[in-house]
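Here is the structure we will look at, set down as structure tokens.
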Amino acid sequence: MKMNEDFLKSMKEAFDLLRTKGPKEATAAVQRALAGGKAKAGNAQTPHTPQSVNEWAQAWTQAQSQAQSHANTTPPAPAERTFDADTPGTFSTHTLSNSAAQRQYKLYVPAVYNNKPLPLIVMLHGCTQNADDFAAGTRMNEMAERHGFIVVYPNQSQAANHSGCWNWFKPGDQQRDQGEPSLIAGITREVIARYRVDPARVYVAGLSAGGAMADVMLKTSPDLYAAACVHSGLAYGSAKGLPSALAAMKGGKAHRNRSHVEPLRPLIVFHGDADTTVHPSNATALIAGFNAGVTTVSVPPHPTGTGSGQRGCTVQRLVAANGVEAEVWSIHGAGHAWAGGSQRGSYTDPSGPDAAAEMLRFFFAHPRASGAH
């Protein structure tokens, strides 16, 4: 236990140095930690030194898990990462409270906001992330300025989940107007009430656990959201507790909720076919109800040096019996990360296709029909 605690402490020091001084000082701290661990572990294999922001986040999460498995106390949380928006709009912090609990959220209102009602996009971060980190990694504030929409980032509380994960797998957090769905919907409605938002163009998106919660929101509040994006996530009803959540993440037998077989709203899904955190089979589960027709196209990688889009993709366009549409992007060679994202945020893959741009294209092509329930 002592070795794991020491390693966790060293990793926290390294993570703080990465934020404050840079990778050179941080790498030196990691090497000291690894040298100490090797001395105590004899001939144990030396772990890989993180080389990117994504690998640093993964190393931190692994260190937390190792320490947690050998101790009864909750490990200290990583220092909160904050980023400047680098945009002319306003990025502000707010808090919503209701009978379930309270949550903070970050709100970006673009400088182009005026009397014209704008779309609203709700962005749900993944485990170990926060609103600032997710905004930086997905570049959604910059997108909001460019395309003219408001974006809100609910923040999960570490008191509710020590790893900062949305509790998509808990029965109490899978029901309309209960638990975390009531908080996320409440934040959405609060922004709609305070700003000029087009109610037909309110969308929800998320990564990993946030992606799973985005599907929960789409299924439990189809009257509120016109469409959803699930990136590297899981289907609503995939789990009814932590054991079945872990099974679903690994691609094993998972609980399936059959109460929403026919989709009510459009859905776009992104998933790396080399994802070892959330098995790619979960992408198939997400679009189970879209079985009335499918068109498959292959998107070749762009030449190296053109920024995002260096990975090839297979894209399926599907339709349900009731005419509701879906898209699934299988990204070749990609792991558990937001495709085409910025390295300023964690869990991003800059070499992937531009998931944010493709998501916005899909969203804006699918407003909620007038009078739809």
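Within the stretch 86-124, if we keep just the residues that are assigned to a strand (DSSP E or B) and touching a Pro at 6+ places or on another chain (Cβ under 6 Å), the residue that is surrounded by the fewest Cβ atoms within 10 Å (Cβ to Cβ) turns out to be 103. Residue 222 meets the conditions (1) within 11 Å of residue 286 (Cα to Cα); (2) in a loop (DSSP other than H, G, I, E, B) in every case but one. The failed one is (1).
Within the stretch 195-202, can one find any residue that is assigned to a helix (DSSP H, G or I) and crowded, with 19+ Cβ neighbours inside 10 Å? No, that holds for no residue. Within the set 146, 189, the sole residue that is touching a residue at least 24 places away in the same chain (Cβ under 8 Å), in a helix (DSSP H, G or I) and either of a type outside the set (A, V, I, L, M, F, W, C) or under 26 Å from residue 100 (Cα atoms) (or both) turns out to be 189. For the stretch 115-122, state whether one or more residues are at pLDDT 95 or above and among the polar types (S, T, N, Q). No, the stretch 115-122 contains no residue that is at pLDDT 95 or above and among the polar types (S, T, N, Q).
The values are calculated or read from the model by the stated rules, or taken from the named source; none is laboratory data. Predicted model only: the values in this text are computed from it and were never measured. Please note: Cβ atoms are built from the backbone with ideal geometry, for glycine as well, and neighbour counts cover all protein chains shown.
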